[in-house]
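Following: one structure in structure tokens, then a few remarks.
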Amino acid sequence: MAHPQDEVDRIAAAWQRERPDLDVAPLQVLSRVTRLARHLDLARRASFAAQSLETWEFDVLAALRRAGAPYSLSPGQLGTETLVTSGTMTNRIDRLEVRGLVRREPDPSDRRGVRVMLTDSGKRAVDDAMSDFLTREHALLDALDPADRERLAGLLRVLVQEFGD
């Protein structure tokens, strides 16, 4: 089945014309991944904005939500989950606490430690944002049937594994 040409095809053809000595095949895949990532980022931002959340706020709230009841992690665990430093995480927790989306509580297993807990408002916000986001993600993948989605997920998994976690 022939597919209509897109902008990536035109870019690759132009490079091939100008630099026939180069193999531009990676552009056919990775330029499309880059373009898809832009659309995904816009969809995420729209979903989060509908709940008055920034991307980083969603990341912290989502880490707590994924932890399961009672939706609690230490600041260190949150930093690990969201790939930020302890100083950055402290600032983020402070800001989320002011908004009433999380609260700090003493760690029952360590008198010196604290646990960050998702509040009911935080749970509602992250749940609503995630539902909206998944609706948008499904729409982005509508052009693929389930078997193609699964195949694409497997292929992307192979590529991403090269970079580790």
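Examine the range 122-129 for a residue that is free of Cβ contacts under 8 Å to residues at least 12 places away in the same chain and loosely packed, with under 13 Cβ neighbours inside 10 Å, and state whether such a residue exists. Taking every residue of the range 122-129 in turn, none turns out to be free of Cβ contacts under 8 Å to residues at least 12 places away in the same chain and loosely packed, with under 13 Cβ neighbours inside 10 Å. Of all the residues in the range 7-24, those that are surrounded by 13 or more Cβ atoms within 10 Å (Cβ to Cβ), under 19 Å from A143 (Cα atoms) and of a type outside the set (V, I, T) number 1. Figure legend. Inter-residue proximity from the range 36-47: first residues surrounded by 15 or more Cβ atoms within 10 Å (Cβ to Cβ), second residues modelled with pLDDT of 90 or more and among the hydroxyl-bearing types (S, T, Y), beta-carbon distance below 7 Å, spacing 6+ or different chains. Indicated pairs: R44/T55; R45/T55.
State whether the residues of the range 2-23 include one that is among the charged types (D, E, K, R), in contact with a helix residue (DSSP H, G or I) (Cβ under 7 Å, 6 or more places away or on another chain) and within 30 Å of F133 (Cβ to Cβ). Within the range 2-23 (the criterion being among the charged types (D, E, K, R), in contact with a helix residue (DSSP H, G or I) (Cβ under 7 Å, 6 or more places away or on another chain) and within 30 Å of F133 (Cβ to Cβ)), the answer is no, since none of the residues qualifies. Of the numbered criteria (1) modelled with pLDDT under 95; (2) over 18 Å from the mean Cα position of the chain (by Cα), the one A46 fails is (2). Taken over the range 50-100, the residue count meeting the criterion of being aliphatic (A, V, I, L, M), without any contact (Cβ under 8 Å) to a residue 60 or more places away in the chain and buried (at least 18 other Cβ atoms within 10 Å of the Cβ) is 7.
Output the number of residues of the range 130-151 satisfying the condition of being over 15 Å from the mean Cα position of the chain (by Cα) and closer than 27 Å to W56 by Cα. Going through the range 130-151 one residue at a time, the tally reaches 2. Kindly indicate whether any position in the range 140-153 is out of contact with any Cys (no Cβ under 7 Å at 6 or more places or on another chain), touching a residue at least 12 places away in the same chain (Cβ under 8 Å), surrounded by fewer than 16 Cβ atoms within 10 Å (Cβ to Cβ) and within 19 Å of D41 (Cβ to Cβ). Within the range 140-153, one or more residues are out of contact with any Cys (no Cβ under 7 Å at 6 or more places or on another chain), touching a residue at least 12 places away in the same chain (Cβ under 8 Å), surrounded by fewer than 16 Cβ atoms within 10 Å (Cβ to Cβ) and within 19 Å of D41 (Cβ to Cβ).
The values are calculated or read from the model by the stated rules, or taken from the named source; none is laboratory data. Since the structure is predicted, the reported quantities are computational estimates derived from the model, not experimental observations. For neighbour counting, all protein chains shown are included, and Cβ atoms are generated from backbone atoms with ideal geometry for every residue, glycine included.
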